[in-house]
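See below for the structure under consideration.
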Amino acid sequence: MKDKFAERLLLFIAFSAILSLLLITFFIFQQGIPLIFKVGLKNFLSFHWAPTQGQFGILSMVMGSLMVTLGALCVGIPLGLSCAIFLAEFSSKPVQSILKPVIELLAGIPSVVYGFIGIVVLVPLIRNLFGGSGFSVLGAGIILGIMILPTIVSISYDSIKSVPAAYRDGSFALGATRWQTILMVVLPSARSGIIAGIILGMGRAIGETMAVIMISGNALRVPHSLLDSVRTITSTIALELSYSTGDHRAALFACGSVLFIIIVILNFIAIRITRRD
Amino acid sequence: MEKISEHFNMIYPGVKVAVQGGGSSAGIQATFTKTCDIGMSSRNLKPEEKQLKEFLIALDGIAVIVNRLNPVRNLTPDQIRMIFMGEISNWRVLGGPDKKIYPVTREEGSGTRGAFEDMVMHKQAISDACLVQDSNGAVREIVANSPDAIGFISAGLIDERVRAVALDSELPTYENIVAGRYLIVRPFLLLTRDEPSGPIREFINYVLSIDGQTILRKVGLIPALDIKNER
């Protein structure tokens, strides 16, 4: 009897999580989609965003989000992957027991702190080294790259660790060096996990808001160089929500819908890739 | 306004005041539709909105600020407009160093931005190359830390880390705003649809009383009382 009750309770709790997800999804789309039909796809898929004057083009923001995310991947993938390889293949147990928690701790730092470090350290550094205002794609990319490290490292690490020892032994037996073994045997077998980690990191980078607002400068123009300011979808929502009314508000929900779709697609791909093996 | 309502409630415990944000156009609209008893606006009414009863409670100068290292001290409204349109993009043209100008603006929908657009931009669009921040404080922070930035904030929020430029040789000081010499000034209005009476009248009177006006002064605004005394 007691078991039955506990089971029901857990089932209810599990469903309430799904229910809230459904409600959020429904709400965002219900608020945002009508506007797209109202102003027309042509207006919505343009580069001109001036919602108080009836211009609802989101493309420069979509481009901005993609550029910043690409920047984050350029920083995060090499760093994260080499870190995971080092942890899994080269480091001794004591080193591992210190490094792994430290990297995972990165995920626990609030994004506003990353943003603050970006403003105080990175922005002036970029301004003095390369010129420009310092509020740039480059700065946002670097900070986001660091922010997605824990995701990439821990998922890649787990999948490298789960490559059976027999594969390595076989490779060594054939006379391969340690490096050759990692490059040609371990990494290819861990591929799906690594890619999933990268895609999840990508989702985090696209969704990140606070740090990006603080570092990217938020200019609406599509950046021409790495040193130009950039506006992402998330920053637009966060910047403008407080004073928005009417169509402007609906347009921000429409932005949210677009973001939602992008992230769902990314997660879907990540799940498909991990399932394949 | 929240602060004023709290104080008002202490004196008139029977009257409940609920304050809601949303920008000037929303405030004016709500007054028309009688969604609220008293509307608020931080911009002047357009001719078609003039049928509302308006009560000026305070003024707020909008200061154009630059970094303390910037040698430019004086600009004309036209120059400021050209800077934010992206037509003037180098400080050298304005007597400063040969450096690119980084204008910082507020986000779409902001009242300060709206007032700036009305009074300085005159229907010209603010360039989409401008950096965008979502509060007076954030704009001030960027200008304080970037040698080549220029931005606009509420005059009451200027501090020693930034420098306000003079507009046609007039600085956005208290005296200049009260005397009407500084030109980028926006009003803070209370609006009602009909002639106010009862608790609505009492509230407006309270805001215009010395107590209410002192609260406005404390948050950096210039109370309407001062202007009446001066002019």
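Computed values, structure above
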| quantity | calculated |
| --- | --- |
| Only Lys, Arg (+1) and Asp, Glu (-1) charged, at Cβ; the protein assembly as shown dipole about Cα centre in debye | 1000 |
| Distance-filtered residues of region B:90-122 - backbone nitrogen under 19 Å, label point 7 angstrom along B:Thr76 Cα→Cβ | B:90-96, B:119-122 |
| Between helix B:2-11 and chain B: long-axis angle, C-alpha atoms, 0 to 90°, nearest 10 | 30 |
| Simple spin-label estimate for B:Ser169 and B:Glu48 in nanometres, 7 Å along Cα-Cβ | 4.2 |
| Summed residue charge, Cβ within 14 Å of A:Gly118's Cβ, Lys/Arg positive, Asp/Glu negative | -1 |
| Local net charge near B:Met10, Cβ-Cβ under 15 Å (Lys/Arg +1, Asp/Glu -1) | -2 |
| Cβ-based charge dipole, chain A, positive-most Cα from A:Val258, A:Ala176, A:Ser229 | A:Ala176 |
| CD proxy at 222 nm, helix term only [per DSSP H run n ≥ 4: -39500 (n - 2.57); per residue of the protein assembly as shown; nearest 500] | -16500 deg cm²/dmol |
| Cα centre as origin, Lys/Arg/Asp/Glu Cβ charges: region B:1-124 dipole, Debye | 300 |
| Cα long-axis angle, helix B:136-145 against chain B (0 to 90 degrees, to the nearest 10) | 20 |
| Chain lengthening between A:Lys93 and A:Ala173 when straightened (0.36 nm per residue, less Cα-Cα) | 26.3 nm |
| Beta bridges by DSSP in the protein assembly as shown, antiparallel share as percent, to the nearest 5 | 75 |
| Packing-based exposure ordering (other Cβ within 10 Å, fewest first) of A:Met202, A:Met210 | A:Met210, A:Met202 |
| In order through region A:131-137: 3J(HN,Hα) via Karplus (6.51 cos²θ - 1.76 cosθ + 1.60), integer Hz, x for Gly, Pro | x, x, 7, x, 7, 8, 4 |
| Which of B:Leu75, B:Leu221 has the fewest Cβ neighbours within 10 Å, and the rest in rising order | B:Leu221, B:Leu75 |
| Pairwise FRET efficiency - A:Glu7 versus B:Phe32, Cβ, R0 = 41 Å, nearest 0.05 | 0.10 |
| Neighbour-count ranking [beta-carbon atoms within 10 angstrom, fewest first] of B:Ile80, A:Ile213 | B:Ile80, A:Ile213 |
| Phi to ³J(HN,Hα) by Karplus 6.51 cos²θ - 1.76 cosθ + 1.60 over region A:118-123, Hz, x for Gly, Pro | x, 5, 7, 9, 6, 4 |
| Net charge, B:Tyr102 excluded, C-beta distance under 12 Å - Lys, Arg +1, Asp, Glu -1 | +1 |
| Table column - 3J(HN,Hα) (Hz), region A:71-80, Karplus curve with 6.51, -1.76, 1.60, x for Gly and Pro | x, 4, 5, 4, 7, x, 5, x, 5, x |
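All of the numbers you see were taken from the coordinates with simple rules; none came from a lab. In this text, all values refer to a predicted model and were calculated from it rather than measured experimentally. Cβ coordinates were reconstructed from backbone atoms using ideal geometry, including for glycine residues, and neighbour counts include every protein chain displayed.
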